[in-house]
Every structure is written in structure tokens, then in C-alpha cells.
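Q: Dropping a structure here in C-alpha cells format, bear with me for questions.
Laboratory data are not the source of any read-out in this text; all were calculated from the coordinates shown. No experiment lies behind these values; they were computed from the predicted model shown. Virtual Cβ from ideal backbone geometry, glycine too; neighbours counted across all protein chains shown.
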Ligand code: HEM
């Protein structure tokens, strides 16, 4: 049948497209290649231990799941390319950023940080954007968030923080109380929470958000000179966001809204793109600015840095198989390339080990031999382990150094001679929060939505956490504390007046039953 008048979205017609592209049927086989005979297909009356198709299928099906990512479990992604638009050789000799017009293929994955796989896309939480650039000098991975600051600086706090914002051990629910308890115990996290409760908290899909790797990256040019940069991916679709009410409405109708929006846009040829820029400080600037430029919880001060465009990232091909192309993808921010020595702060040092440990657990000990993670060129002394092992370096020498032409290191003449050592601090500065409340939130209407979002979240928070939150708000800005307190009083009054959930139509249980009730 040809549905001449129907118009299906790319997501709706996915299998139909497959059929149109694959007009001939093909022979089904078992995983060993043995063709499936038609009488094996139905096992209702056969001894199923003698039905090889059943054994083959059920043993594979029973083992289909890998553990989901410990964070950023729910996601979507696509293939694309990066194209250089500006000469940035003054800052870095990284091959992928040099040569105007040069294109580098990539895979990107967007995600919600806290949601489990299958959760809603529309929560008020950070979104992730991980990009793997397949460069001639190895893979460069950037793992970004949709807000420009990170929660905290101390790597030892990561598991506590993630526990605090994830599901409660008894109720299995995400709890506002533990989220805000984390904030009062470690007030540096308020920077991120302020961004999240503002209009920046729920973007209108992944395509409409900016993304930031947050850390300050060291770059090196071919003279060994260094610059310190913060990368920004600026959406070319225009930033757009949902209010709490809009998000609740969309989530009720379509909890996979972000995933669908991305797939359909790429499927209809409306390729999303981002401008990659970097904010730059010179080595000299590091001495003169009156803030810590390596502090991931804070922004750089306006007027202290320059911004340089590098190129554009375009996503132009949907993944063909989510498991193969995204679930097995291992993004690791310590995958860096010559010319980008990378961040020097302690939090990043912790990330250098954390991702590989997580991926060894999630994917086995050879994540970089999985198809989607394979660099264009790799010659290593790593051997064996859980498959895939690919060629396993065949009969090449398996120890270094050796006298038999096994892989040898090269000399990078341009590498900076000195490494910067950055010490962090646990001090908390409320000035950026006051600035956020009064200036980054640019209008009174936006401020009202911010307060209302805070009230929605704080309404269920129990003492003593709530009292401490209000004390902190008072330190940040008296007006903020006063308006949140007034909002909470109104919310409590509404709760008292609430007579329970609206009644629903209960169907008459009109099915056969032994008991007449
Ligand atoms: C010490 C701090 C951090 C630790 C220990 C940490 C750890 C992790 C781990 C274990 C994963 C799952 C990896 C996997 O199973 O493949 C992950 C995913 C991710 N992290 Fe972090 N993270 C940290 C900070 C950050 C920061 C600062 C950012 C961004 C600015 C970030 C962005 C991401 C993103 C985007 C993903 C999802 C990657 C994907 O799509 O596969 N993380 N993180």
C-alpha cells in the first residue's frame, strides 16, 4: 500500500525506509552462520534443547544489557564533521584545528546527567555533550555540559555528589532534600544550581543549547608557547528553553522529546550545528586577573579575555545502530592530541583515570578496539584481554624497548618545556551568585521564573536543610531570600488546601473472575 497522503517523520518511517533501501529478502542464519530452517522458527511443540535456534537466540537475548553509564545514562547522538573556519595556529599546532577548510569526522553523544536510561528528557538538570574527533593524531574527546560551570572542584566529592542527586536508597526516588543538602554542605555547587534553576536549566532540545567543556585547557603553539582557553560550542539554532510548566506538559506527552527532535531534524536534512569558539588568556594574563581562571565553579570576568572562533561542528548523519554507535562509545576527556596538553587542574587529573576505569567496567578492557572508539591509527603494546582484540598486533614484538622494530615513540619538538601546577582552594565566594541573581538573570520576568523554579524544588525540602538554604540565600541577596520565603509560604498554603489527586474514571472490572466483587 502506498500512503500517498500520509506524511511521516524520519523517526516514524525508519523501518519503511529500511525496506525501501533493501527491497530483496535475505536468508536468516544462526550466529554460527547455519541457515535457519523454517520448522525451527516455532518451538511450541519441540524439545527446545534440540531447537538450536532457540538456544542461540535466548542465550544472546539474556545477555543483551551492559551496565548503564554511572552518569549520563540516557542519551542520543549522531555523526558529523568539524570544519576549521579561522586561523588559530598562533594558539595551537593541533592538526585538526589547523588549515582553514580542513574537515575532521566525529561522533557526538548528548545526554541527561542524572536520568537513568529510559527517564524523561525534560528534567531540570545538566545535559552532556561528548564529541570524539577522529583526528590524524589520534582521537580528541571533549566532554561538555550545557551550562558553563561545574558543581565542585574536589574530585573526592564526586561519588557523594552523584549519590546525593540520584535516587534515594529506600524510596528509589530523586529527592530535592538530598539535592539541597549537597548544596548547603558544599555551597560551591550553588553556582551550578543557579544556572539550572534559571531559564538555562531546561533547553528546548539538545539542538537549542550551548555546550562547554568547562575546564581551562592549556594549548601549545609550534614555538612551545602556551595559552589558556575555555572552549564554547555556541548553538547555531539559537538558544531556546522551556519553563517548568512547558517541560511538564511536553514530558507527559513525550518523555523522549530531545531524542526525537535530534533524530527527526537530521533525518529531514536540517543539520544542527555549533560554532566552536575559545575564550583566551595569555600566560601573562594568568598573573594579572583577580580571579582563579582554573576554578571550574566560576566564570571568567568580562573584559579580561579575548574570544576567538575556531570552526563549526555539524551533525549530518543519524547513527545507524544505537548500541553499536553510542552505547559502546567510550568518551574520555583524557584523550588529547599534540598541541592540546589539556587542563592542569586537579579535578581534570581525576577525570584522566575515572573515565577509563568506568569504561573498563562497562565495556571490558579494550574500549579503544571497539569499532566506534577506534582511532584512525594505533600501534600499541597493549595485548589480549576481553574481546574485541582486533588484530592484537599480530606477531609484532610485545615489549618495549626491543631490538626488532616494534613501535617507537617520536619526539615532539613543540611540546611546552614546563608544566603548570595549579593548586585549588575550598573557599566559597558568593559574589558570583549575587552577580548571577542581579545581572546574568537579565530581566524581572526571568527573575520571577527563577524564584518560582527554586520554590517548586524547595517545597518538599525538610528542615534543617531548608533553613540552611534560606540562610545561604540571605547571604547572597536579601531580596532573593525574602522572595523565596514568600513563595514557599504560598506553596505550603496551596498544599494545605489541596484535597488530594483529582478523581479518575475507574473502569468496571468486567472480566471473568472466581470471586464476585
Ligand atoms: C571528577 C569529576 C568527574 C568524574 C569523576 C566524572 C566521571 C564520569 C563517568 C565515570 C562517566 C561515565 C563514563 C562512561 O561510562 O563511559 C562520565 C560521563 C560524562 N561526563 Fe563526567 N565526570 C566528572 C566531571 C565531568 C565534567 C566536569 C564534565 C563536563 C564539563 C563531565 C561530562 C561528562 C559527560 C558529557 C559524560 C557523558 C559521556 C558520554 O556521552 O558517554 N564530567 N563522567
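Q: In bins 5 Å wide, starting from 0, what share of all Cα pairs of the range 374-498 does each bin hold, as a percent?
A: Here the calculated profile for the range 374-498 is 2, 8, 11, 11, 9, 6, 5, 4, 4, 6, 10, 10, 8, 5, 2, 0, 0.
Q: Rounded, prolate or oblate: which fits the chain, taking a ≥ b ≥ c as square roots of the Cα gyration tensor eigenvalues, rounded meaning a/c under 1.5, else prolate when a/b beats b/c? Don't jump to the answer; show the numbers that get you there.
A: Values: a/c = 1.75, a/b = 1.04, b/c = 1.69.
Cα axes put the chain in the oblate bin.
Q: Okay, next question. Could you quote the convex hull projected area for the range 36-170, Cα atoms only and averaged over all directions, in nm²? Intermediate values should be presented prior to the final figure.
A: On the way: hull surface 62.2 nm².
The orientation-averaged projected area of the Cα hull of the range 36-170 comes to 15.5 nm².
Q: What per residue convex hull volume, in Å³, comes out for the range 142-288 when only alpha-carbon positions are used?
A: Values: hull volume 24.2 nm³, N = 147.
Cα convex hull per residue, to the nearest whole number: 165 Å³.
Q: Determine, for 278, 426, 393, the number of other Cβ atoms within 10 Å of each Cβ, and report the residues in order from fewest to most. Could you put the intermediate results ahead of the total?
A: On the way: 278 23, 426 9, 393 17.
If I rank by nearby Cβ atoms, fewest first, I get 426, 393, 278.
Q: Note the direction-averaged projected area, equal to a quarter of the hull surface, for the Cα convex hull of the range 59-130, in nm². Mind dumping the intermediate values first?
A: Working: hull surface 30.5 nm².
The Cα convex hull of the range 59-130, projected and averaged over all directions, gives 7.6 nm².
Q: What is the order of 152, 81, fewest Cβ neighbours within 10 Å to most? Please report the intermediate quantities before stating the final value.
A: Values: 152 21, 81 18.
Neighbour counts put them in this order, fewest first: 81, 152.
Q: Which FRET efficiency, nearest 0.05, do residue 304 and residue 177 yield, Cβ-Cβ r, R0 25 Å? Show your work: numbers first, answer last.
A: Details: r = 38 Å, r/R0 = 1.53.
The calculated FRET efficiency here is 0.05.
Q: Working from the pairwise distances between different alpha carbons, so that the mean of 1/r is found and then inverted, what is the range 419-489's Kirkwood radius in Å?
A: On the way: mean 1/r = 0.0737 Å⁻¹.
It works out to 13.6 Å.
Q: Can you give me the relative contact order of the range 94-210 as a percent, contacts being Cα pairs under 8 Å and 6 or more apart? Let's see the in-between values first.
A: Working: 136 pairs, mean separation 26.6, N = 117.
About 23 percent, as a whole number.
Q: For a Förster distance of 35 Å, can you work out the FRET efficiency between the beta-carbons of residue 254 and residue 64, rounded to the nearest 0.05?
A: On the way: r = 25 Å, r/R0 = 0.72.
Efficiency computed from Cβ-Cβ geometry: 0.85.
Q: Using all Cα-Cα distances in the range 14-61, what percent lands in each 10 angstrom bin from 0 up to the longest?
A: 22, 41, 29, 9
Q: While we're here: Can you sort 68, 4 so the residue with the fewest Cβ neighbours within 10 Å comes first? Provide the component values of the computation, followed by the final result.
A: On the way: 68 14, 4 5.
The order, fewest Cβ neighbours first, is 4, 68.
Q: Moving on. Using 0.36 nm per residue, how much length does the chain from residue 321 to residue 13 gain when fully extended, once their Cα-Cα distance is taken away?
A: Details: separation 308, 0.36 × 308 = 110.88 nm, distance 1.55 nm.
Taking residue 321 through residue 13 to full extension adds about 109.3 nm, to one decimal.
Q: Would you calculate, for the chain, the mean residue ellipticity at 222 nm contributed by helices, counting each DSSP H stretch of 4 or more residues as -39,500 (n - 2.57) and dividing by all residues, to the nearest 500? Can you show the working numbers first?
A: Values: 13 runs with 141 residues, N = 517.
The helix contribution divided over the chain gives -8000 deg cm²/dmol.
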